[in-house]
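Please read the structure below before turning to the comments.
The values are calculated or read from the model by the stated rules, or taken from the named source; none is laboratory data. Keep in mind that what you see is a predicted model, and the values were worked out from it rather than measured. So basically every Cβ, Gly included, is an ideal-geometry build from the backbone, and we count neighbours across all protein chains shown.
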C-alpha cells in the first residue's frame, strides 16, 4: 500500500473520532471493573489473592516459566513473585522444576489441581457474563463484539 493511500485511509471519516474512542475506553474499563469485582469475590471465597491468580493464569497459559519471566510479564518485584509462587506451591497449585538444560534455572508450572482451579475460575466468569447477558443481544451480536475485540487485541 502506498504511503498516500495509507494516509488517506487513516484520515477517513469512517474511523472513529476521539470522543467515540474515549467512550469505548470508558465502557471497557467499566466492564473490566465489574468483572474484576466479581472475580475478587470468587477469589476471596477460594482464599486466593488476585496477584496469585495472575501468576497461576500466566503459567497455565504460557507453560513452564522462570521466576524472571513471571516477574517481567506481571511487572512484579522478584521477592513478590517468590512469595506468590511459595503460596501457590504450598497449596499444590504450582510445582517447581529444574530446567533440563540449566540446573540453575527453576521453572514454575501448574499442577493438575492448579489447572482445575484456573478452569473453575474461568467457568465462573463465563457463567457470570452469561447470566448478565442482555436478552436483546443475539449470538450474531456477540460474534460482532468478539470480532472487534480480536482486532483490537491484535492491534495492541
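Does residue 35 qualify as being modelled with pLDDT under 95, touching a strand residue (DSSP E or B) at 6+ places or on another chain (Cβ under 8 Å) and surrounded by 11 or more Cβ atoms within 10 Å (Cβ to Cβ)? In short, no. Restricting attention to the stretch 95-107, does a residue exist that is modelled with pLDDT of 90 or more, within 16 Å of residue 42 (Cα to Cα) and surrounded by 10 or more Cβ atoms within 10 Å (Cβ to Cβ)? No; the residues of the stretch 95-107 include none that is modelled with pLDDT of 90 or more, within 16 Å of residue 42 (Cα to Cα) and surrounded by 10 or more Cβ atoms within 10 Å (Cβ to Cβ). So, residue 20, is that one part of a helix (DSSP H, G or I), surrounded by 10 or more Cβ atoms within 10 Å (Cβ to Cβ), out of contact with any helix residue (DSSP H, G or I) (no Cβ under 7 Å at 6 or more places or on another chain) and at pLDDT below 80 or not? Spelling it out, it is not the case that residue 20 is part of a helix (DSSP H, G or I), surrounded by 10 or more Cβ atoms within 10 Å (Cβ to Cβ), out of contact with any helix residue (DSSP H, G or I) (no Cβ under 7 Å at 6 or more places or on another chain) and at pLDDT below 80.
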